[in-house]
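Undergrad: So that we are looking at the same thing, I have put the structure below in structure tokens.
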Amino acid sequence: MSSRFSIAIHGGAGTLIKGQMTEEKEKAYRATLKEAMDKAYLILEKKGSALDAVEQAVIVLENSPLFNAGKGSVFTAKGDHEMDAAIMCGKQMDAGAVSLVSGIKNPISLSRTVMEKSPHVFLAGSGAMEFAKTQDFKLKKEEYFYDEFRYQQWQEIKDTDLFQLDHSEYKKSKFGTVGAVACDQEGNVAAATSTGGMTNKNWGRIGDTPLIGAGIYANNKTCAVSCTGSGEYFIRGVVAYDVSCLMEYKNFSLEEAANEVIHSRLPKINGDGGLIAVDAKGNISMPFNTEGMYRGIRNSEGENRVAIYED
Ligand code: ASP
């Protein structure tokens, strides 16, 4: 049994465009990251579960238009929003995921409901929406998800074959997916990830975020992981599970495994992005191979910080 507890969150990795980042905007990003982290920390401090902590942290980030998840999700090629989310608990390795959902204020809570109230792990599209109705999820109108900045991004590449990751020039992008990992006082780990995907993505495109093993994974024996980056590469690299495998089969430490995957294996297949990971002793690792990653860490030993660039 462990008593050390910790939480880490991310709001997406990528090349952060300095010109687009005003002092005011940076302050807002930092404040929202801190709010999400503090909310989760409080839960852990009161002996709450890692699962509750990661869900609540992600809800704060989904409710903010600053990040590409929930409110403020990117536009699809059709001009609407299709969101993906997943949650996983390391104790019994329970998992829930949803994909291609729209109108749902907090897709992360829908994924938890799939995990807890259905016999399935992953529901997509109209089936996921039907399930949401049976569970009394109220639908928000399209306007709720609208964000002017994301709309302008879509206008730039709409009617082309391009699809892009959240910010800026093609392939030099910021990924605005959000995620959280936590270790509670019982030594249970959990992970949660939520995203609007990629601007101008094709109908039906699903990234790594809701795929157990690719964008998310949790197992008390090894670690809990939440990823952000170019989903197509994270799927091929089975990134989150790969971190766990290096720990389980090769006895890597959390830090060694996370670094090996993000700095060595992923670049070999041209993948860019980052991840946050925690083990059952409360250690945290947050590597990224992009210019920055919105992130935060707080633990019971007093570490408490948010960061954006390599600082
Ligand atoms: N991984 C996400 C996706 O491909 C994008 C992101 O991290 O922002 O849908």
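Undergrad: Whether any residue in the stretch 220-234 is in contact with a strand residue (DSSP E or B) (Cβ under 7 Å, 6 or more places away or on another chain) and either part of a helix (DSSP H, G or I) or surrounded by fewer than 19 Cβ atoms within 10 Å (Cβ to Cβ) (or both) is what I want to check.
TA: Looking for residues that are in contact with a strand residue (DSSP E or B) (Cβ under 7 Å, 6 or more places away or on another chain) and either part of a helix (DSSP H, G or I) or surrounded by fewer than 19 Cβ atoms within 10 Å (Cβ to Cβ) (or both), one finds at least one in the stretch 220-234, hence yes.
Undergrad: Of all residues in the stretch 259-286, which are open to solvent by less than 10 Å² (accessible area, probe 1.4 Å), within 16 Å of the ligand (Cβ to nearest atom) and within 18 Å of Cys245 (Cα to Cα)?
TA: Val261, Ile262, Leu266, Gly274, Leu275, Ile276, Ala277
Undergrad: Looking at Gly204, Gly197 in this structure, which one is within 15 Å of the chain's Cα centre (by Cα) and either more than 9 Å from the ligand (Cβ to nearest atom) or not in a strand (DSSP E or B) (or both)?
TA: Gly197
Undergrad: Can I ask one more? Being open to solvent by 30 Å² or more (accessible area, probe 1.4 Å) and closer than 26 Å to Glu232 by Cα is the filter here; which residues of the stretch 287-311 pass it?
TA: Result: Asn289, Glu291, Tyr309, Glu310.
Undergrad: How do the strands (runs of 3 or more DSSP E) wholly within the stretch 268-311 filter down when requiring 1 or more residues that are touching a His at 6+ places or on another chain (Cβ under 6 Å): which remain? Can you show your working first?
TA: Numbers: elements: 273-279, 292-299, 304-307.
Per the criteria, 273-279, 292-299.
Undergrad: When the residues of the stretch 41-71 are narrowed to those that are open to solvent by 30 Å² or more (accessible area, probe 1.4 Å), away from the ligand (no atom under 16 Å from the Cβ) and in contact (Cβ under 8 Å) with a residue 24 or more places away in the chain, which ends up nearest to Val101 (Cα to Cα)? Steps first, please.
TA: Going residue by residue through the stretch 41-71, those that are open to solvent by 30 Å² or more (accessible area, probe 1.4 Å) are 42-43, 45-47, 49, 52, 56, 63, 65-66, 71.
Then keep just the ones that are away from the ligand (no atom under 16 Å from the Cβ); that gives 42-43, 45-47, 49, 52, 56, 63.
Going one step further and asking which of them are in contact (Cβ under 8 Å) with a residue 24 or more places away in the chain, we end up with 45, 47, 49, 63.
Details: Glu45: 33, Lys47: 32, Ser49: 27, Asn63: 16 Å.
The selected residue is Asn63.
The values are calculated or read from the model by the stated rules, or taken from the named source; none is laboratory data. Note that the structure is predicted; figures quoted are calculated from it, not measured. As a convention, Cβ positions derive from the backbone with ideal geometry for all residues, glycine included, and neighbour counts pool all protein chains shown. Note: accessible area is taken over every heavy atom of the protein model, side chains too, but ligands, DNA and RNA are not part of it. Shrake-Rupley method; radii C 1.70, N 1.55, O 1.52, S 1.80 Å.
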